[in-house]
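First the structure, in the form of structure tokens, and then the observations on it.
The values are calculated or read from the model by the stated rules, or taken from the named source; none is laboratory data. Treat the numbers as computed from the prediction; the structure is a model and nothing was measured. Every residue, glycine as well, gets a Cβ built from its backbone with ideal geometry; the counts of neighbours run over all protein chains shown. SASA here: full protein model, heavy atoms, side chains in, ligands and nucleic acids out. Shrake-Rupley method; radii C 1.70, N 1.55, O 1.52, S 1.80 Å.
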Amino acid sequence: MVGTRYSHAQPQESQSFYDQLIEIFASPDDRLPFIDFPVREIANPAAARDAGFTKAKQWLKLCEDTHSCVRHPNIPPLLPARVIDVGESPIRLYEPTDGERGKYVCLSHCWGSTSSVCRTTPKTYEAHKENIVWAILPATFRDTINVTRRLGIRFLWIDSLCIIQEDDNDWREQSSLMAEVYGNAFLTIFATSSANGHGGLYPSIPLELRPQQNIVTDRNGIVFRVHIRKNLQDQHLTTPGEVEPSQNRPNWFPLQNRAWAFQELQAEFHKGQWMIEQPAPHDWKKVVETFSVLDLTYPRDKLPAISGIAKKALLYRPPGDTYLAGLWESTLLSDMSWTVQAAKREPHEWRAPSWSWASVDGHVHMGHDDVEEWIPKFTVVDVQVSLAGPDPTGEVSSGHVVIYGKAFRSQVMQLGIEGTFITIGPCGRAPITLDWGLILPTGKWVACLLLGTRDHMNNFFGMTLREVDGGESSANPTYERVGSTGLFFADMEEKHTFDEWYTGLRSWNIRIV
């Protein structure tokens, strides 16, 4: 099936150029209303699948022969700790010898519910080394095995089968290497349209994407049959957060909503052009903002799922920089000024200190890209993060930061549809954005720590804290972050009043966990 574009509306200010286009299709047996309309036989699904596979092999051959992104075409990479041997039956879990090399294919896929995923666990580990029964494999795994075999490649890597599930030590060790595993793969197959393992690699075409048959009669009464659909702008894949909810495209490609898949796409960076536009690892704030909207089967994977990108980002950081639960020591003053655009839910289990964006579920905005215009109003006295495993960019078990700055007590004001506010000295009140669905009643005392200002914009940004242990009068006060606040001054007189009041506040050490 082939098509051409045809404008069906006069330009309007509210419409983009692409909104005015449709795509028109016709089979070779149909009479055509347009003389130059290109016609090709409408292939059946099986023929189209074969044609697509042939094209994919041509691309791979071109890549191997001509592209500089193939680092050592004659030296296969080291095999991961475990791979699936699909070269012959029975299919089995294979553990390479030390230093063993070989081509392998990776699969990036949506798990769905854990019950729908074929997994290697301590109970199935030994059996899988002998035989992974074909009948228990979901459709996506079967399709991927068939593609791998057709490519003439013996080994396949699938996370749920090659990492021992329900074994925390193996999971921590192997998950820390996932970016390397995907980066060294000969090919990664992305099952973009399947929400779980049962969708396969060849799902039915969404109704919105199917050309609909229309009967057209010209001025001479001649009847034509054509197929029409709205123009897709040649963009079947979209960047997370780019598409309006009304377009429903996340339902077309559920894999694009998955946090692990975002890292797996990043791992393909050295191999050539992006399938879709992605923020580069060195643009860490943009990486975090894009990553934060994505979903995880296990929320505790928030830091492990971005650890591979963090390792790449480290190459662009200043010498000696340290990764701190999703933030960087060299830019910690501005990194802590994140806000939550849309909170999803209260985290059910601790996974990061409250001053890290990784502690919340929701769309995070890192803010303050203009670091040179960001004037910090605090200093970091101490920051410590304890790792839960061997990966310096992976899970953490605890963390705290001690800040020397000015924090003042404020009372919460609930003002109905206007939102939640806190009292700010002589300035009256300032709105606060809570990091998750916490309800703070009117009159509740909290602390506000001023993090910084942008003087040319007459505003400040602060962190809203609640007491965990001790308080301002305690020798070692401890707080946790619950939200952010900001105040814009309408005129210089108001700002001058605030500055005089703020200057009179004393500075002290605030410990935040």
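Given the criterion open to solvent by less than 10 Å² (accessible area, probe 1.4 Å) and on the phi > 0 side of the Ramachandran plot, identify the matching residue among ALA305, ALA325, ALA358. Walk me through it before giving the result.
On the way: ALA305 fails: on the phi > 0 side of the Ramachandran plot; ALA358 fails: on the phi > 0 side of the Ramachandran plot.
After ruling out the rest, the residue left standing is ALA325.
How many residues, within the range 224-265, are closer than 28 Å to LEU107 by Cα and either assigned to a helix (DSSP H, G or I) or modelled with pLDDT of 80 or more (or both)?
19
For the range 282-309, which positions are in contact (Cβ under 8 Å) with a residue 24 or more places away in the chain and not in a helix (DSSP H, G or I)?
Matches in the range 282-309: HIS282, VAL293, LEU294, ASP295, LEU296, THR297, LYS302, LEU303.
Scan (1) open to solvent by less than 90 Å² (accessible area, probe 1.4 Å); (2) modelled with pLDDT of 95 or more for the single condition GLU130 breaks and write down its number.
Going through the list (1) open to solvent by less than 90 Å² (accessible area, probe 1.4 Å); (2) modelled with pLDDT of 95 or more, GLU130 breaks only (1).
Go through the range 413-430 and give me each residue that's assigned to a loop (DSSP other than H, G, I, E, B) and either open to solvent by 30 Å² or more (accessible area, probe 1.4 Å) or under 19 Å from HIS365 (Cβ atoms) (or both).
To start, the set of residues in the range 413-430 that are assigned to a loop (DSSP other than H, G, I, E, B) comprises 415, 419, 424, 428.
LEU415, GLY419, GLY428 - these are the residues of the range 413-430 that are assigned to a loop (DSSP other than H, G, I, E, B) and either open to solvent by 30 Å² or more (accessible area, probe 1.4 Å) or under 19 Å from HIS365 (Cβ atoms) (or both).
Mind checking which residues of the range 96-138 are out of contact with any Leu (no Cβ under 8 Å at 6 or more places or on another chain), under 19 Å from GLU166 (Cα atoms) and not aliphatic (A, V, I, L, M)?
TRP111, GLY112, SER113, THR114, SER115, SER116, THR121, PRO122, LYS123, THR124, GLU126
In the range 209-225, is there at least one residue being in contact with a Leu (Cβ under 9 Å, 6 or more places away or on another chain) and in contact (Cβ under 8 Å) with a residue 40 or more places away in the chain? Explain how you work it out, then say what you get.
Of all residues in the range 209-225, those in contact with a Leu (Cβ under 9 Å, 6 or more places away or on another chain) come to 209, 224.
Then drop every residue that is not in contact (Cβ under 8 Å) with a residue 40 or more places away in the chain, which leaves 209, 224.
Checking the range 209-225: at least one residue is in contact with a Leu (Cβ under 9 Å, 6 or more places away or on another chain) and in contact (Cβ under 8 Å) with a residue 40 or more places away in the chain.
Restricting to the range 167-187, give me the number of residues that are out of contact with any strand residue (DSSP E or B) (no Cβ under 8 Å at 6 or more places or on another chain) and either open to solvent by less than 40 Å² (accessible area, probe 1.4 Å) or among the hydroxyl-bearing types (Ser, Thr, Tyr) (or both). Please lay out each step first, then the result.
Going through the range 167-187, the residues out of contact with any strand residue (DSSP E or B) (no Cβ under 8 Å at 6 or more places or on another chain) turn out to be 167-180, 183.
Next, only the ones that are either open to solvent by less than 40 Å² (accessible area, probe 1.4 Å) or among the hydroxyl-bearing types (Ser, Thr, Tyr) (or both) stay: 170, 174-176, 178-179, 183.
Of the residues in that region, 7 qualify.
Tell me which residues, restricted to the range 170-192, are without any contact (Cβ under 8 Å) to a residue 40 or more places away in the chain and either over 19 Å from GLU395 (Cβ atoms) or more than 21 Å from the chain's Cα centre (by Cα) (or both).
First, the residues of the range 170-192 that are without any contact (Cβ under 8 Å) to a residue 40 or more places away in the chain: 170-171.
Hit for the range 170-192 is ASP170, nothing else.
Across the range 380-419, which residue is nearest to ASN459 (Cα to Cα) among those that are without any contact (Cβ under 8 Å) to a residue 60 or more places away in the chain and within 31 Å of the chain's Cα centre (by Cα)? Full working, then the answer.
Filtering the range 380-419 down to residues without any contact (Cβ under 8 Å) to a residue 60 or more places away in the chain leaves 380, 382-384, 386-387, 397, 410-419.
Subset that is within 31 Å of the chain's Cα centre (by Cα): 380, 382-384, 386-387, 397, 419.
Numbers: VAL380: 22, ASP382: 27, VAL383: 27, GLN384: 30, SER386: 35, LEU387: 36, SER397: 35, GLY419: 19 Å.
Looking at the filtered set, the residue picked out is GLY419.
Residues checked against (1) touching a helix residue (DSSP H, G or I) at 6+ places or on another chain (Cβ under 9 Å); (2) open to solvent by 70 Å² or more (accessible area, probe 1.4 Å); (3) part of a loop (DSSP other than H, G, I, E, B):
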{"residue": "ILE403", "(1), (2), (3)": "no, no, no"}
{"residue": "GLN411", "(1), (2), (3)": "no, no, no"}
{"residue": "ILE432", "(1), (2), (3)": "no, no, no"}
{"residue": "GLY437", "(1), (2), (3)": "no, no, yes"}
{"residue": "CYS448", "(1), (2), (3)": "no, no, no"}
{"residue": "LEU451", "(1), (2), (3)": "yes, no, no"}
{"residue": "PHE460", "(1), (2), (3)": "yes, no, no"}
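With the requirement that a residue be open to solvent by 50 Å² or more (accessible area, probe 1.4 Å), touching a Lys or Arg at 6+ places or on another chain (Cβ under 8 Å) and in a loop (DSSP other than H, G, I, E, B), what does the range 188-220 give you?
Once the filter is applied, which keeps residues that are open to solvent by 50 Å² or more (accessible area, probe 1.4 Å), touching a Lys or Arg at 6+ places or on another chain (Cβ under 8 Å) and in a loop (DSSP other than H, G, I, E, B), the range 188-220 yields TYR202, ARG210.
Filter the range 310-337 down to the residues that are among the hydroxyl-bearing types (Ser, Thr, Tyr), in contact (Cβ under 8 Å) with a residue 60 or more places away in the chain and over 17 Å from ILE512 (Cβ atoms) and list them by number. Explain how you work it out, then say what you get.
The initial filter retains those residues of the range 310-337 that are among the hydroxyl-bearing types (Ser, Thr, Tyr), namely 316, 322-323, 330-331, 334, 337.
Applying the additional criterion that residues be in contact (Cβ under 8 Å) with a residue 60 or more places away in the chain yields 323, 334, 337.
Passing the criteria: only TYR323.
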